[in-house]
1. How much length would be gained if the chain were fully extended between Ile49 and Lys16, taking 0.36 nm per residue of separation minus their Cα-Cα distance, in nm to one decimal?
2. Could you compute the net charge surrounding Gln33? Neighbours are other residues with a C-beta less than 14 Å from the C-beta of Gln33; K and R count +1, D and E count -1.
3. Could you size up the charge dipole of region 12-306 around its Cα centre, putting +1 on the beta carbon of Lys and Arg and -1 on that of Asp and Glu, and report it in debye to the nearest 20?
4. 222 nm [θ] for the chain, helices only, -39500 (n - 2.57) per DSSP H run of 4+, per residue, to 500?
5. Decide, for region 194-248, between rounded, prolate and oblate: order the square roots of the alpha carbon gyration tensor eigenvalues as a ≥ b ≥ c, take rounded if a/c falls under 1.5, and otherwise choose prolate if a/b is larger than b/c, else oblate.
6. Using Cα-only point scatterers and the Debye equation, what is log10 of I(q)/I(0) for region 12-306 at each q in 0.08, 0.15, 0.17 Å⁻¹, rounded to two decimals?
7. Mind pulling the per residue volume of the convex hull built on the Cα atoms of region 164-283? Å³ is fine.
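Every number here is computed from the coordinates shown, using simple stated rules; none is lab data. It should be emphasised that the depicted structure is a prediction, and the values quoted were computed from it without experimental measurement. Here the Cβ positions follow ideal geometry from the backbone for every residue, glycine too, while neighbour counts run over all protein chains shown.
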Amino acid sequence: MPSYKPQIITRRQARKQINTLGISLMFYILLTQLLWHGSSLLQQYYPGIFLGYDPELVTMLFTMISWILVAAIPFSISASRLDLDLKDYLVKPKISLSKLISLTCVGVGIMLAVTAIPSLFYMLVRTQSAPYEFVGIFTTKNNILKNVVYFILMVLVQPVCDEIIFRGIIQRQLGHYGRYFGVLASALLYMISRPTLTEALPGFFLGWYLALVTLRYHSIRPAIQIHIFISFFTWLINITPQSLVLIPTVMIIIIYIIAGFSLFNGTVNLGIARSGASNGKLWKILLTSPTIIICMVLFLTGVILSFTAL
């Protein structure tokens with residue numbers, strides 16, 4: 001790996017660098033919010049815009065193309081302006097299969113645990129969730145097609161795009177100011193990029209964990225693999241019929257056993273050094289940067305829109 005010499009920059013320069021990323025992040029969040037909340041409004045008030053095609057299928061295809069283009073164009077431009085070479089973070093790290101399995105099980109365990117909290121919150125305040133009622137229903141050609149597109153979008157495209165954007169570019173840049181600041185700050189930005197409040201909390205902890213893995217191996221490859229498996233496992237649970245609910249239940253138990261054993265014997269260490277993570281000056285620079293303020297406003301707007309009743 002290439003070695004970099006530490007550089008001293010001013011607060012103004014740091015804020016300028018953050019805004020360079022923030023512009024792309026603003027575009028990503030705005031696009032995600034529009035796709036999430038705007039699709040149902042279009043179906044309700046302007047159904048003709050879908051030209052007779054299935055609205056859910058059109059929305060998923062457009063979302064897939066949009067995420068790929070956002071990762072490929074705006075964030076690539078930001079990375080180029082910040083002199084970040086993504087190839088450096090795509091190297092294959094030295095990691096055994098058993099270690100990767102342990103890391104993956106811990107990631108799934110974290111995701112399952114933190115998802116339970118917003119699920120309870122959803123039951124209490126009735127915030128909107130994705131209307132993907134077709135998932136797991138393969139009775140018609142249209143439903144089969146939508147299930148295939150959903151799988152590609154949620155299990156493959158989203159994890160890869162998210163890791164490139166948030167761990168490969170955002171975490172790496174923020175990590176220049178402090179390695180563990182980059183971990184927590186990128187997790188926070190990943191959280192506010194989620195379209196609803198029920199996805200925000202799991203998003204923070206998932207982002208935090210994947211950022212730690214990325215920092216440990218100086219590569220986003222393990223994070224991509226873990227993220228894909230987490231999404232695959234979530235998809236598997238969603239498509240499993242009620243009559244076969246015992247299968248995912250047993251799988252969850254096995255995953256928790258492996259995750260617990262990995263944490264107990266130190267195979268996976270979730271310890272996080274405090275050096276730089278709570279640096280007030282860095283957080284002030286980040287949270288007062290204009291583009292990040294706009295990103296937070298967009299997130300809060302999405303939260304408000306996601307409430308159907310209080």
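1. Numbers: separation 33, 0.36 × 33 = 11.88 nm, distance 3.96 nm.
Separation in residues times 0.36 nm, less the Cα-Cα distance, equals 7.9 nm.
2. Here the count lands on 0.
3. Details: 20 positive and 9 negative charges, 205 e Å.
Dipole size: approximately 980 debye.
4. On the way: 13 runs with 208 residues, N = 310.
It lands at -22000 deg cm²/dmol.
5. Values: a/c = 3.39, a/b = 1.65, b/c = 2.05.
In terms of gyration-tensor shape, oblate.
6. -0.36, -1.29, -1.59
7. Working: hull volume 13.8 nm³, N = 120.
That works out to 115 Å³ per residue.
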